[in-house]
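Have a look at the structure below, then the notes.
The values are calculated or read from the model by the stated rules, or taken from the named source; none is laboratory data. Quick caveat: nothing in here was measured; it's all calculated off a predicted structure. Note that we place each Cβ from the backbone using ideal geometry, even for glycine, and neighbour counts take in every protein chain shown.
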Amino acid sequence: MAEAIAQGDWIVLQSISASKDLTFVRYYPNRTVKVGGRKFRLADLPGPQFGCRVDFAVKSQESDSSQAQQMEDDGYGETTTLQTSEELIHKEGSYTAQDIDSLRKAGVVGEDLVKLLSQKNPSFSKLSRFGQEKYISRKRRKHMISVVIQKPTCCLLCEWYLKKNPEAILRLSPVSVGLLLRLANIVADSKVLIFEDTLGLLCASVAERTQRQVFITNIFEGDHPPGLELLDFFPCLVEWRRTSRFIVCPMNILTQLYSEEERDGLPLSFRKDSLLLSQKSESVVAADSASSTRDSSKYHRPIVGQLKRTLREGFSSLIIACREPTWEKILLLISRLVPNGSFAIYHYSLSYLSKLHYLLLKCPLVIAIQLEECSQLEHQILSGRSHPNMSSLPTDGFVLSGLRVEVDLNL
Amino acid sequence: MDEDNHLRKPRQLERVCSEGDLIIVYISADQIKSIVLNLDTVIVNKYGKFYASDLIGKTLGRKWYSRTVDKKGRRGYVYPLWPTPELWTKSIMQRTQLVYSSDIGLIIHKMGLGCGSSVIEAGTGSGSMTFALATTVYPGGHVFSFDSNEERVSAVKSQMDKLYFGSCVSFDCRDIAEKGFGEVGPVDGIFLDIPEPWLVVKHVVDLLRDGGTVVFYSPCMEQVLRTIEEVNLFHRLKLIQILTTCSKPYETRPRRVFQQDATLLNFLREQYPQVEETIEETKADKEATVMTSAHAYRYYRSHTAYLTWVQKLLINGQKDS
């Protein structure tokens with residue numbers, strides 16, 4: 001799993017502290033990044049590899065300039081600094097903020113400084129083991145930056161978005177994505193139909209799970225294919241989505257599977273409707289068609305007839321995570337599943353899914369319908385003590401799942 | 001790898017039953033069973049008598065009618081289904097504590113497992129996790145499953161063979177706390193569902209690939225605390241997170257909404273004219289006389305286990321530090 005990192009690769013810097021801050025960044029050695037409120041240069045990562053832990057000592061802001069100045073100074077100046085730091089190290093009683101700054105300037109940083117601070121704190125020995133660990137971890141947070149260099153995964157991406165911009169991924173969390181993949185029965189060589197409004201998180205998760213040994217059809221509404229920006233975090237998926245294993249398909253084709261055969265020989269077009277375009281000003285049209293062409297070049301464009309055949313054959317799995325899809329659209333998508341196909345529908349609102357649950361319970365196309373709420377709770381652990389986190393997400397969303405069966409017309 | 005078994009795995013979209021297949025029979029929401037299709041297999045339930053010979057050669061996911069009729073002359077039916085990991089978990093006979101859907105989903109997703117991954121599972125148990133892992137890593141990957149109970153191992157092994165995943169799962173009956181994991185190479189992930197996980201931490205360090213994750217599945221906090229003490233002894237193992245997941249099932253019922261009380265509305269309008277708008281809005285809502293309401297089940301599985309995530313790290317790029 002440990003791989004060397006090349007320039008331009010996406011890396012994730014995961015802070016080792018209670019906050020577990022995540023920073024997604026492209027690796028360029030001269031770039032400066034901020035983790036846990038502190039900046040450092042990526043060039044300082046020693047021979048970076050995924051899965052590598054790196055500890056940085058927080059230096060005094062003036063230390064760099066003062067050290068440079070000391071290099072130019074004569075021997076007398078150096079001796080003075082050393083004596084000062086020696087004196088400070090052997091000083092009786094606790095340190096003041098000024099002392100700590102002097103120690104940092106003298107090069108006592110990171111783990112050494114944390115050890116020294118705990119030794120010199122008169123009340124440290126009176127603390128319980130739990131208290132001592134808490135004190136040390138607090139000091140480490142202040143005087144050190146510890147990060148793990150992680151390879152971008154859909155799970156980390158989901159955690160990152162959940163903190164930064166949860167609405168963009170409809171508040172999907174790792175536990176709800178994991179449950180969706182399980183309930184939709186995502187396995188190698190599946191034919192998966194995805195209708196999502198989550199920037200491509202679910203497409204990326206399915207591709208990651210199957211290592212791209214899957215056929216994904218991403219259904220979208222309107223004329224313009226979705227951006228699916230999150231696929232860009234995975235270099236292997238950027239090329240993969242131009243293959244026939246990944247198709248973006250407008251929803252309206254599902255209603256034309258047995259009609260409009262005159263277009264069957266043409267490649268799928270993402271151009272905007274001419275009527276719609278004529279209502280706009282020329283500059284807007286030019287901008288739109290430029291972005292349309294740019295986006296459509298991201299995807300494989302199958303021949304319409306082939307696409308219809310694929311859609312008619314059916315799918316083994318269906319995942320839906322959209323803002324407010326209508327019941328008709330959901331039933332249309334479920335009807336595209338083969339008998340024994342699995343579906344999983346995510347929504348962050350219970351009222352929306354409860355209505356759908358009630359409708360599907362009466363629908364002869366589906367069985368084994370279940371509606372469940374998923375949630376997770378993180379626990380803090382220190383030696384001998386533990387408790388759940390004081391605050392957490394109220395819910396990780398709701399998932400409605402079931403299986404498609406064949407309707408028996410004889411009964 | 002058993003090539004014959006590998007080739008036998010059905011790949012077509014619509015599954016056709018053949019003799020010797022292990023399938024799921026969906027009788028009702030709370031009655032999901034697994035059976036092996038032999039020519040002489042007959043299952044009997046309240047919907048009638050079902051003969052496996054009627055099903056062989058037919059597509060799954062369609063109604064399977066009984067040969068018997070009820071008092072009104074109707075034939076009962078059940079649904080024969082291809083086993084998915086979710087259906088399998090619901091159908092298996094509970095020999096030990098099961099690992100349930102929300103835990104399995106999160107474990108596999110967070111560990112980053114996929115086709116081609118290699119993973120160790122300690123505590124085969126009922127095989128719920130084994131099947132989920134096997135379907136995830138297939139093809140190209142491998143699951144190494146360990147349990148100390150020979151009976152459990154042979155039962156799950158036979159089921160995996162019938163499910164066509166026998167080729168990507170190896171079973172070993174041994175006491176891993178004492179003997180370790182044997183001749184298993186470095187793996188991408190380790191899942192430990194054993195009573196004393198702290199005893200195997202030393203073996204985990206050797207087996208896990210750099211950057212790989214181990215998940216300790218422990219129902220009790222005492223197990224977690226003891227495991228973490230042991231993990232902290234190893235510089236290269238880093239505790240990432242401790243989580244519990246919960247999956248709360250809901251049922252929906254129709255709810256009749258009563259007509260608005262005109263007298264009360266007039267009184268409210270007179271007394272509080274500022275609520276006029278609210279009254280108008282509720283009036284619009286009340287046009288639908290039936291609404292649905294979702295209730296959580298009265299009892300549900302509120303605690304399964306603590307999931308302790310530990311990652312093996314490279315320290316400052318130095319493998320041996």
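Scanning the range A:324-357 for residues that are of a type in the set (Phe, Trp, Tyr), over 12 Å from residue A:403 (Cα atoms) and at pLDDT 90 or above yields A:346, A:348. For the range A:111-140, residues that are within 24 Å of residue A:381 (Cβ to Cβ) and assigned to a helix (DSSP H, G or I) total 17.
Answer yes if at least one residue in the range A:315-335 is in a loop (DSSP other than H, G, I, E, B), over 18 Å from residue A:225 (Cα atoms) and within 14 Å of another protein chain (Cβ to nearest Cβ), and no otherwise. No, every residue in the range A:315-335 fails to be in a loop (DSSP other than H, G, I, E, B), over 18 Å from residue A:225 (Cα atoms) and within 14 Å of another protein chain (Cβ to nearest Cβ). Here residue B:174 passes the criteria (1) touching a residue at least 12 places away in the same chain (Cβ under 8 Å); (2) surrounded by fewer than 19 Cβ atoms within 10 Å (Cβ to Cβ); (3) within 14 Å of chain A (Cβ to nearest Cβ) except the one numbered (3). Taken together, the residues in the range A:147-161 that are in a helix (DSSP H, G or I) and either free of Cβ contacts under 8 Å to residues at least 24 places away in the same chain or within 8 Å of chain B (Cβ to nearest Cβ) (or both) amount to 2.
Report, by residue number, each residue of the range A:349-378 that is of a type outside the set (A, V, I, L, M) and over 18 Å from residue B:296 (Cα atoms).
A:362, A:363, A:364, A:378
Filter the range B:67-106 for residues that are among the β-branched types (Val, Ile, Thr) and not in a loop (DSSP other than H, G, I, E, B); which is nearest to the other protein chains (Cβ to nearest Cβ)?
Looking only at the range B:67-106, we keep the residues that are among the β-branched types (Val, Ile, Thr), and these are B:68-69, B:78, B:84, B:89, B:92, B:96, B:99, B:104.
Then drop every residue that is not not in a loop (DSSP other than H, G, I, E, B), which leaves B:68-69, B:78, B:89, B:104.
Numbers: B:68: 17, B:69: 14, B:78: 10, B:89: 9, B:104: 6 Å.
Ranking the qualifying residues of the range B:67-106, first place goes to B:104.
Taken together, the residues in the range B:182-195 that are surrounded by 13 or more Cβ atoms within 10 Å (Cβ to Cβ) and either hydroxyl-bearing (Ser, Thr, Tyr) or within 25 Å of the chain's Cα centre (by Cα) (or both) amount to 8.
With the structure loaded, tell me whether residue A:259 is farther than 19 Å from residue A:221 by Cβ, part of a loop (DSSP other than H, G, I, E, B) and modelled with pLDDT of 80 or more or whether it fails that test.
Here the answer is no, as residue A:259 does not meet what is asked.
Do the conditions hold for residue A:159, that is, is it under 22 Å from residue A:225 (Cα atoms) and among the charged types (D, E, K, R)? Here the answer is no, as residue A:159 does not meet what is asked. Hey, can you tell me all the residues within the range A:354-395 that are of a type in the set (Lys, Arg) and more than 7 Å from chain B (Cβ to nearest Cβ)? Across the range A:354-395, the qualifying residues are A:362, A:385.
Which residue out of B:231, B:205, B:224 is more than 9 Å from every other protein chain (Cβ to nearest Cβ), crowded, with 19+ Cβ neighbours inside 10 Å and either in contact with a Phe, Trp or Tyr (Cβ under 9 Å, 6 or more places away or on another chain) or closer than 26 Å to residue A:393 by Cβ (or both)?
Going through B:231, B:205, B:224 in turn, just one is more than 9 Å from every other protein chain (Cβ to nearest Cβ), crowded, with 19+ Cβ neighbours inside 10 Å and either in contact with a Phe, Trp or Tyr (Cβ under 9 Å, 6 or more places away or on another chain) or closer than 26 Å to residue A:393 by Cβ (or both): B:231.
Residues that are within 19 Å of residue A:341 (Cα to Cα) and in a strand (DSSP E or B) within the range B:15-62 comprise B:16, B:22, B:23, B:24, B:25, B:26, B:27, B:28, B:32, B:33, B:34, B:59, listed in sequence order. For residue A:377, the criteria (1) buried (at least 17 other Cβ atoms within 10 Å of the Cβ); (2) closer than 30 Å to residue B:231 by Cα; (3) among the hydrophobic types (A, V, I, L, M, F, W, C) hold in every case but one, which is (1). Does the range B:142-158 include one or more residues that are closer than 27 Å to residue A:184 by Cβ and either surrounded by fewer than 21 Cβ atoms within 10 Å (Cβ to Cβ) or in contact (Cβ under 8 Å) with a residue 60 or more places away in the chain (or both)? Checked against the condition, which is being closer than 27 Å to residue A:184 by Cβ and either surrounded by fewer than 21 Cβ atoms within 10 Å (Cβ to Cβ) or in contact (Cβ under 8 Å) with a residue 60 or more places away in the chain (or both), the range B:142-158 yields no hits at all.
From the residues in the range A:146-190 that are among the hydroxyl-bearing types (Ser, Thr, Tyr) and farther than 16 Å from residue A:232 by Cβ, which one is surrounded by the most Cβ atoms within 10 Å (Cβ to Cβ)?
So in the range A:146-190, the residues among the hydroxyl-bearing types (Ser, Thr, Tyr) come out as A:146, A:153, A:161, A:173, A:176, A:190.
Now restrict to residues that are farther than 16 Å from residue A:232 by Cβ: A:146, A:173, A:176, A:190.
Numbers: A:146: 19, A:173: 23, A:176: 30, A:190: 22.
Top of the filtered list is A:176.
Could you please let me know if residue A:133 is touching a Leu at 6+ places or on another chain (Cβ under 6 Å) and either without any contact (Cβ under 8 Å) to a residue 12 or more places away in the chain or within 14 Å of chain B (Cβ to nearest Cβ) (or both)? Taking the combined requirement at face value, the residue satisfies it.
Quick grid of which residues meet (1) under 30 Å from residue A:385 (Cα atoms); (2) at pLDDT 85 or above; (3) away from chain A (no Cβ under 14 Å):
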site: B:242; (1), (2), (3): yes, yes, no
site: B:247; (1), (2), (3): yes, yes, no
site: B:250; (1), (2), (3): no, yes, no
site: B:253; (1), (2), (3): no, no, no
site: B:260; (1), (2), (3): no, no, yes
site: B:266; (1), (2), (3): no, no, yes
site: B:272; (1), (2), (3): no, no, yes
site: B:276; (1), (2), (3): no, no, yes
site: B:284; (1), (2), (3): no, no, yes
